[in-house]
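Okay, so here's the structure we're looking at.
Readers should treat all values here as calculations from the given coordinates under stated rules, not as data from a laboratory. Owing to the predicted nature of the structure, the values given are computational and were not obtained by experimental measurement. Every residue, glycine among them, receives a Cβ derived from its backbone with ideal geometry; neighbour counts consider all protein chains shown.
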Amino acid sequence: MKLDDFISNTGQWLKGRGAFSNIVMSSRIRLARNLVDKPFPNKARKKDLSDILEIVHQTADGIEFFKKSIFLKINELDNVDKQFLIERHLMSHEHASNPEGKALIVSEEEVLSVMINEEDHLRIQVMQSGFNLDETWKIADTIDDALSQKLDYAYSLHWGYLTACPTNTGTAMRGSVMLHLPALVMTKQINKVLAAISKLNFASRGFYGEGTQASGNFYQISNQVSMGHTELDVLQNINGLIRQVIDQEEQARQALLVQNRPMLEDKIFRSYGILKNAHIISSQETVELLSMVRLGVDLGIVKDVDRMAINELFIMIQPAHLQKIEGKKLSTSERDTKRASLIREKIGG
Amino acid sequence: MQCDICGKKKATVHLTEIVDDQMSEMHLCEECARQKSVQMEQQFGLADLLAGLADFGKPTKEEAHEVIKCPNCGMTYDEFRKFGRLGCSQCYESFKMHLSTLLKKVHGSNHHVGKAPAKIPQAEKDKIESFQELKTQLQQAIQREDFERAAEIRDKIRDIENKKE
Ligand SMILES: [Zn+2]
Ligand SMILES: [Zn+2]
């Protein structure tokens, strides 16, 4: 498998399947792990980093789940490829910005990715489509167990898994769920919901990465606390919270349908119309319009597009993706043209 | 044993501190121990940490003469305050007291519950092997009516038992 193969495949988490996939895009588990006898990446020397890469690479090679995966050294990638992996949610900006001694493993269908030597020696990420943290956790747990048969993890009976940042110490697990909440935004209830979430010690952020404003009405909700609760307790808490947010979004959608169906249909079909016909379009505009069309699909108002096509477009319309598809560097204005033609091709009918 | 600070009351809290690579033990009464932990929190700039671990920088008066350093990776406590990242897994031992307070503030707890790796590091296994020793110590603490110490040991034993399953 090669990096360029990703472009013609769809990550499992974008397939639009699974529970509540009308509202929940994807579920993700991330585990931070370190090797016991090596300094954390921020204190590690070049030799340490390359030793860690080697140990993890070899260990992964011996595990069934990694059989069809791809191993990439970040300093061997060009800027477009790095950006491409970030856009696919397979690695962080931090991992790309200081590439020396860093690597990434990605499994088939992009279910699993492991960042090596990011903030911690290993950042194991598992993603699934729909609201399915329990299954996602099971996969992550199994892979983690398999790795820990061979690797000596930094672990203390008292503190749990030892991580570079104390905000991750303990289980070193973050579970997150990506939600599409257009009706809560349109009915102006979203801030109330987000405030309640942060009061409960959960974090929310946007679709396009850490510190970004939510765009396309996507919100990612994850746990903050990693110590004092078992992994399953934490997941149960997130699940309970997400179920409530889903309920609120469902209610807001029904309220919009009942109170002002013509307005809603107008907004959705105008959005669809622009996407099907535009010849120049920015990513910001695209994302807002795609959000409306996705809502239309989820409510059965738009019938001739499937959810996976919309999900894919949220990823494909980003700069590095457009350039990979085109096979060359594109200026901003060239991208706006390419973006419009790609959208017409995918959902233009 | 008398308290190291006030020299009056009975010492019931026993702390291990690392200053300039030297380990020192302190025996304190409950009241002095509480004051000491408030001091430590202030040194740590906890308010800053809670505001998103963003601003570690602000120095306090007390810290100027106190350099705590991890003997394994060379990270100083000051450096950690500035960048918010520890240098190695042994930093947890080196900055134990400060981290204990910090983790409690961040997570509401400073005890791990949850999964354990298939292979547990040797140093941690040694701690399990001293399980019997802990039980003996617990008996002794109860006999001399040092209930605070007994409670500490009981927590340690529970900790280990949780991990054993
Ligand atoms: Zn005293
Ligand atoms: Zn250290």
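Gain in length, A:ASP247 to A:ASP266, computed as 0.36 nm per residue apart minus the alpha-carbon separation, to one decimal in nm?
4.4 nm
Classify chain A: rounded, prolate or oblate, from the alpha-carbon gyration tensor (a ≥ b ≥ c, eigenvalue square roots; a/c under 1.5 rounded; otherwise prolate if a/b is larger than b/c)?
It is oblate, given that a/c is not under 1.5 and a/b is not larger than b/c.
Give the order of A:LEU157, B:LEU86 when sorted by the count of other beta carbons within 10 angstrom, beginning with the fewest.
Ranked by crowding around the Cβ, least crowded first: A:LEU157, B:LEU86.
Using a Förster distance of 25 angstrom, determine the FRET efficiency expected from the C-beta separation of A:THR187 and A:ILE280, and round it to 0.05.
0.20
Farthest toward the dipole's positive end in the protein assembly as shown, which of A:GLN125, B:ILE142, A:ASN237, given Cβ charges of +1 (Lys, Arg) and -1 (Asp, Glu) about the Cα centre?
A:ASN237
Counting only other chains, what is the mean number of Cβ atoms within 10 angstrom of the Cβ of each residue in peptide A:220-228?
Mean inter-chain Cβ contacts per residue within 10 Å come to 4.
Compute the distance in nm between two label points, each set 7 Å from the Cα along the Cα-to-Cβ direction, one at B:ALA151 and one at A:LYS150.
4.7
With label points built 7 Å along Cα→Cβ from the Cα atoms of A:HIS57 and B:THR136, find their separation and express it in nm.
5.0
To the nearest whole number, what is the average tally of beta carbon atoms from other chains within 10 Å of the beta carbons of peptide B:82-95?
For peptide B:82-95, the averaged partner shielding equals 6.
Give me A:ASP152, A:ASP298 sorted ascending by neighbouring Cβ count inside 10 Å, so fewest comes first.
Listing A:ASP152, A:ASP298 from fewest to most nearby Cβ atoms yields A:ASP152, A:ASP298.
Size of the dipole of the protein assembly as shown about the Cα centre, Lys and Arg at +1 and Asp and Glu at -1 on the beta carbon, nothing else charged, in debye to 20?
1080
Could you give the dipole magnitude of segment A:3-249 about its Cα centre, charging the beta-carbon of Lys and Arg +1 and that of Asp and Glu -1, in debye to the nearest 20?
700
Can you compute the radius of gyration and Dmax for segment A:190-280, using only the Cα atoms, both in Å?
17.2, 54
What does the average come to when, for each residue of peptide B:69-78, you count the partner chain Cβ atoms lying within 10 Å of its Cβ?
Mean partner-chain Cβ count within 10 Å for B:69-78: 2.
For segment A:259-347, what is the charge dipole size about the Cα centre, in debye to the nearest 20, if Lys and Arg each add +1 at the Cβ and Asp and Glu each add -1 at the Cβ?
Charge dipole, segment A:259-347, about its Cα centre: 180 debye, nearest 20.
Using a Förster distance of 41 Å, how high is the FRET efficiency between A:LYS329 and B:SER109, based on the Cβ-Cβ distance and rounded to 0.05?
0.20
Among A:LEU313, A:SER291, A:PHE269, which residue has its Cα positioned farthest towards the positive end of the charge dipole of segment A:259-347, with +1 placed on the Cβ of Lys and Arg, -1 on the Cβ of Asp and Glu, and the dipole taken about the Cα centre?
Checked the options; the winner is A:LEU313.
Can you compute the FRET efficiency between A:LYS46 and A:PHE71 using 1/(1 + (r/R0)^6), with r the Cβ-Cβ distance and R0 = 30 Å? Round to the nearest 0.05.
0.95
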